[in-house]
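Report on the following structure.
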Amino acid sequence: MARLKKVLIVGGGTAGWLAACYLAKAVNARDPQGVQVHLVESPDIGLLGVGEATFPSIRGTLAAIGLDERRFLVGATATYKQGIHYRHWVRPPGTPGADHFFHPFNAPSQRPGGPELLPYWLLGAAPEGMPFADAVSMQTALVDHGRGPKRFKDPDYQGPMNHAFHFDAACFARVLAEHGQEALGVKRHVATVERTELDEHGAIARVVTRELGELTADLYVDCTGLRGLLIGNVMQSPFKSRADVLFADRAVAMQVPYEKADTPIPSYTISTAQEAGWIWDIGLQKRRGVGYVYSSRHTSDERAEQVFRGYLGAAAEGLKAMHIKFETGYRPEHWRRNCVAVGLAGGFVEPLESTGIALIELATYLLTHLLPSDTDEMERAARHFNEMMIARYDRIIDFIKMHYCLSQRRDSAFWIDNTDAASIPATLQDKLAQWKHRPPHRLDFISDLEMFLVSSWQYVLYGMEFKTDISAMRSAYPRMEEARQEFRNIQLAASQALQDLPDHRALVERMCQEYRERAGRQNAVA
Ligand SMILES: Cc1cc2nc3c(=O)[nH]c(=O)nc-3n(C[C@H](O)[C@H](O)[C@H](O)COP(=O)(O)OP(=O)(O)OC[C@H]3O[C@@H](n4cnc5c(N)ncnc54)[C@H](O)[C@@H]3O)c2cc1C
């Protein structure tokens with residue numbers, strides 16, 4: 001038996017620093033007798049620099065590593081996110097019918113003992129024409145009125161509305177790096193890995209850096225981004241492309257300053273469908289992060305930038321666009337011998353619904369949970385880890401594909417190809433076939449393997465105007481009057497919550513102000 005004593009994380013982007021902080025906290029790396037967590041990051045190779053929208057799981061992760069919420073908001077220039085606002089996904093601009101829908105993070109309202117509202121919404125108990133998300137959750141009304149998800153006095157990472165964050169990815173990595181070193185015992189090395197040497201069993205024996213020579217560990221975590229320096233180049237773990245299902249493989253992105261300092265900040269990501277993909281639009285404290293994700297099979301880089309600049313209008317004048325290439329897919333063997341990939345090195349699903357950082361969190365929880373105290377147990381841990389990651393990726397890919405394949409758009413080859421049954425995984429086709437006759441239910445999912453719970457599937461399914469016909473089962477739903485009252489109560493509760501919750505920008509600014517004042521007082525004492 002050989003005790004696992006040291007982990008080396010290679011790469012200092014979101015993946016590297018989140019993994020380092022979470023792991024260091026979990027193994028108590030500050031104890032010299034415990035497992036040591038080291039991170040090496042290149043001074044020359046930059047971060048990807050996009051990855052600005054997160055999933056609600058981020059709150060649990062940040063709380064678990066003990067990062068003060070106000071410090072995080074200041075350091076990462078973060079704002080709150082309560083869901084995703086979809087524009088023109090169902091039909092192209094200028095076509096009669098709804099032009100948007102909202103995917104809120106709050107689950108549908110469910111009073112103990114009260115009726116489950118979805119079947120009653122399908123049977124017409126909600127006010128006429130009211131979209132599913134608006135009928136079952138007050139979150140749409142709150143974000144439409146510019147409210148944040150919590151009050152100033154709510155404890156860190158808590159609040160009445162479920163939420164995540166938007167932030168600047170480079171600033172986020174920096175604040176994690178400070179916290180990881182100051183509070184959690186992560187040891188940082190600034191050096192570029194140039195070479196990797198294997199032992200006689202094909203495991204990594206050492207990495208050789210330009211500046212610091214050799215670094216060794218019992219377990220190497222590859223967080224080198226799309227390069228996949230260790231897991232791909234050295235361990236030769238193959239990449240399984242899913243570009244046959246999700247076509248987007250390029251992005252053009254820009255950081256756009258606000259015109260006025262008090263411009264309202266939406267507490268949701270705006271996703272606007274385009275001829276060959278979609279544009280994300282995210283409000284941070286001092287700027288917007290905007291990008292067009294598109295398929296290179298369906299448009300050219302030049303045309304994409306033209307469409308993108310058309311969307312931004314005058315706001316983009318004089319600004320330089322960043323072009324990024326990627327592919328949806330993953331390495332079925334994220335973990336091979338003593339090397340495990342976290343972040344883009346392991347895989348990526350195009351950014352709709354912001355799964356990148358959530359997958360980093362998931363891989364980090366799994367790694368922490370499975371971390372073998374005995375290095376001889378590595379193979380078994382790796383097998384379990386890989387099975388769990390594959391299951392998650394495949395389910396996420398089905399969920400993302402659902403957004404595309406339910407569209408009524410046929411105005412470009414991109415949408416025609418996306419709705420072609422040949423591009424829809426059989427697992428998704430099977431779900432959709434069942435949901436024509438009954439709504440999605442919690443029992444359709446193995447919750448431990450899902451990133452998206454049943455409520456997300458329901459919000460997107462009905463936001464995309466999918467039709468479930470349960471009229472033949474009408475007699476199974478005798479609580480129509482009660483359900484009507486529930487729908488009215490949700491609207492009433494929304495108007496009360498509007499009094500209770502602050503404006504989003506005001507919330508962010510006050511939280512940041514409180515942190516600066518506190519830090520100022522501490523500095524004065526010191
Ligand atoms: C277009 C696009 C949009 C995205 N939007 C979102 C989003 O909204 N939400 C979300 O959750 N995710 C999003 N993602 C994913 C997100 O960007 C990544 O999950 C996240 O940035 C993590 O990246 P990373 O840390 O794996 O890699 P990177 O940020 O690329 O970091 C790689 C690190 O490895 C280091 N490195 C590389 N080579 C060496 C070497 N030889 N020696 C030493 N160090 C080295 C670099 O210095 C750097 O520190 C998006 C991705 C793309 C492509």
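The values are calculated or read from the model by the stated rules, or taken from the named source; none is laboratory data. As the structure is a prediction and not an experimental result, all values here were calculated from the model. Glycine gets a Cβ as well: all are built from the backbone with ideal geometry, and neighbour counts include every protein chain shown. Areas reflect the complete protein model, heavy atoms only, side chains present, ligands, DNA and RNA absent. Shrake-Rupley method; radii C 1.70, N 1.55, O 1.52, S 1.80 Å.
Key figures
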read-out: Angle in degrees between helix 14-27 and the longest Cα principal axis of the chain, rounded to the nearest 10; value: 70
read-out: Residues in segment 253-277 that a label on SER300 would reach, taking backbone N under 19 Å of a point 7 Å out along Cα→Cβ; value: 253, 275-277
read-out: Placed amide H near HIS100: partners under 5 Å, 5+ positions off or other chain; value: HIS88
read-out: Label zone at LEU226, where the point sits 7 Å out along the Cα-to-Cβ direction: segment 5-30 residues whose backbone N lies under 18 Å; value: 11-16
read-out: Overall Cα dimensions of segment 20-104, principal axis frame, Å, largest first; value: 67, 31, 23
read-out: Spin-label pair LYS187/CYS171, simplified geometry with 7 Å Cα→Cβ offset, distance in nm; value: 3.2
read-out: Helix-only mean residue ellipticity at 222 nm for the chain, each DSSP H run of n ≥ 4 adding -39500 (n - 2.57), per residue, nearest 500; value: -11000 deg cm²/dmol
read-out: The chain: mean projected area of Cα convex hull, nm²; value: 26.7
read-out: Compactness of segment 221-341 as Cα Rg over 2.2 N^0.38 Å, two decimals; value: 1.29
read-out: Pairwise label distance in nanometres, ARG521 with SER447, each label 7 Å out on the Cα-Cβ vector; value: 4.0
read-out: Dipole-positive endmost among GLN429, ALA253, GLY114 within the chain (Cβ charges, Cα centre); value: GLY114
read-out: Stretchable slack from GLN408 to ALA426, in nm (0.36 nm times residue separation minus alpha-carbon distance); value: 4.5 nm
read-out: Calculated FRET efficiency for the pair GLU259/ASP154, C-beta based, R₀ 30 Å, to 0.05; value: 0.45
read-out: Per residue accessible area in Å² of the chain, where ligands, DNA and RNA are left out and the probe is 1.4 Å; value: 42
read-out: Accessible surface of the chain, 1.4 Å probe, proportion on carbon and sulfur as whole %; value: 51
read-out: LEU319 paired with THR216, simple spin-label distance in nm, labels 7 Å along Cα-to-beta-carbon; value: 5.0
read-out: Cα pair count fraction exceeding 19 Å, expressed as % - segment 405-526; value: 72
read-out: Sites SER471 and THR95 - FRET efficiency at Förster radius 25 Å, r taken between beta-carbons, to 0.05; value: 0.35
read-out: Rg ratio (alpha-carbon, reference 2.2 N^0.38 Å) - segment 76-119; value: 1.69
read-out: FRET efficiency, THR419 to LEU123 (Cβ-Cβ, R0 25 Å, nearest 0.05); value: 0.35
read-out: Long-range amide H partners of ARG206 with built H, under 5 Å; value: GLU197
